[in-house]
Each structure stands twice: as C-alpha cells, then as structure tokens.
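Chemist: I'd like to ask you about the structure that follows.
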C-alpha cells in the first residue's frame, strides 16, 4: 500500500488540512460512499488518522479543542 495525500476541511476551524495516509484509492471510494464505518475500511490506521478522515482535524487541533 502506498501513501496518499488526503485533504480534509476541519469541522472546527474550517482550515484545509493534509495528511499522508497509508490508504488506497479503493478505500477512499468506500469512505466517500458513506455506507461503511471508518474503522472497518481503515483498521490499520491510528485513531488520530481515522479522526482526521472523519472530522478533518489534525491531532494538535483535537487536543487543544478537547483538552
């Protein structure tokens, strides 16, 4: 599996964030389809990486928002 740059907009700040993730285009298609749980599509990703996909929030933004 190759790393892919994924961009998501943060639901808190509205900032466009980018993260390099170990995902495939097929997994991203499934994710954008919205019919499967993120943890089922990406069981190999960390919780921070999955949260980024869901909310667009980077780990430091999550930490400062939800201290």
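Only the coordinates and a few stated rules stand behind these numbers; no lab work does. This is a predicted model, so every value here is computed, not measured. Note: ideal-geometry Cβ built from the backbone for every residue, glycine included; neighbour counts use all protein chains shown.
Chemist: Could you say whether any residue in region 5-21 is touching a helix residue (DSSP H, G or I) at 6+ places or on another chain (Cβ under 9 Å), surrounded by 14 or more Cβ atoms within 10 Å (Cβ to Cβ) and over 25 Å from residue 60 (Cβ atoms)?
Modeler: no
Chemist: May I pose another question? When the residues of region 24-61 are narrowed to those that are touching a residue at least 40 places away in the same chain (Cβ under 8 Å) and assigned to a helix (DSSP H, G or I), which ends up surrounded by the most Cβ atoms within 10 Å (Cβ to Cβ)?
Modeler: Filtering first and then ranking leaves 52.
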